[in-house]
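Contents: one structure, followed by commentary.
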Amino acid sequence: MKCPFCTHDDTRVVDSRLGKEGNNIRRRRECVDCERRFTTYERVEETLPLVIKKDGRREAFDRHKIISGIQRACEKRPVSIATIEKVVDQMEVSLQECGEKEIPASRIGESIMEALQALDEVAYVRFASVYRQFRDINEFMSELTDILSKGSPK
């Protein structure tokens, strides 16, 4: 591995530890040339399906894009980043377990909406209003009516 400070090719592992959740390895490395230390993380390369967009394009599943969208919906709401990451972790696991090579973006969107509905109703409505592209207030009110008729999940 190249040293991030001097770009020398030769580094040695000084210490290795299992990550917090046991799904990665944290390594302390030292450059044999400049003797500076740095940390690297090693984790299993996950094979997630390609996402089929509405227009038929295919793109790689982007964890950061999902987290960003959920964060926007949860802005100024009592939902922690750890909770958001847990939702995305669960989504990634279910996508890996399904074994499909391609998945429609709509399935991911619906999965996010399910998670948000159980997590925070305001965040759910925010996400749904963008995801479902409500054309007018009647569509928006219909969604709110559905939420109210089901009762609060908490």
Subject >> Near pairs, Cβ below 6 angstrom, 6+ apart or cross-chain, from the stretch 127-154 (in the same structural domain as Ala115 (by TED's automatic domain parsing) and surrounded by 14 or more Cβ atoms within 10 Å (Cβ to Cβ)) to any residue that is modelled with pLDDT under 75 and in a helix (DSSP H, G or I) >> reply: Ala128/Glu143; Phe134/Phe140
**OP:** Return a yes/no flag: does the stretch 73-93 have any residue that is closer than 23 Å to Leu119 by Cα, in contact with a Ser or Thr (Cβ under 8 Å, 6 or more places away or on another chain) and outside any strand (DSSP E or B).
**Re:** yes
Original post:
Are there any pairs with C-beta distances below 9 angstrom linking a residue in the stretch 43-67 that is touching a residue at least 40 places away in the same chain (Cβ under 8 Å) and surrounded by fewer than 10 Cβ atoms within 10 Å (Cβ to Cβ) to a residue that is part of a strand (DSSP E or B) and of a type outside the set (A, V, I, L, M), with the two at least 6 apart or on different chains, and if so which?
Top reply: Lys54/Pro104
Original post:
Name the pairs whose Cβ atoms lie under 6 Å apart, with the first residue in the stretch 68-96 and farther than 19 Å from Ser106 by Cα, the second among the small types (Gly, Ala, Ser) and part of a helix (DSSP H, G or I), and 6 or more positions between them or separate chains?
Top reply: Cys74/Ala123; Arg77/Ala123
Original post:
Taking the stated definitions as given, is Glu30 exposed (fewer than 12 other Cβ atoms within 10 Å of the Cβ) and either more than 30 Å from Lys150 (Cβ to Cβ) or in contact with a Ser or Thr (Cβ under 7 Å, 6 or more places away or on another chain) (or both)?
Top reply: no
**OP:** Report yes if Ile108 is free of Cβ contacts under 8 Å to residues at least 24 places away in the same chain and either under 30 Å from Phe5 (Cβ atoms) or in contact with a helix residue (DSSP H, G or I) (Cβ under 8 Å, 6 or more places away or on another chain) (or both), otherwise no.
**Re:** no
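The values are calculated or read from the model by the stated rules, or taken from the named source; none is laboratory data. Since this is a predicted model, take the numbers as computed values, not measurements. All Cβ positions, glycine included, derive from the backbone under ideal geometry; neighbour counts span all protein chains shown.
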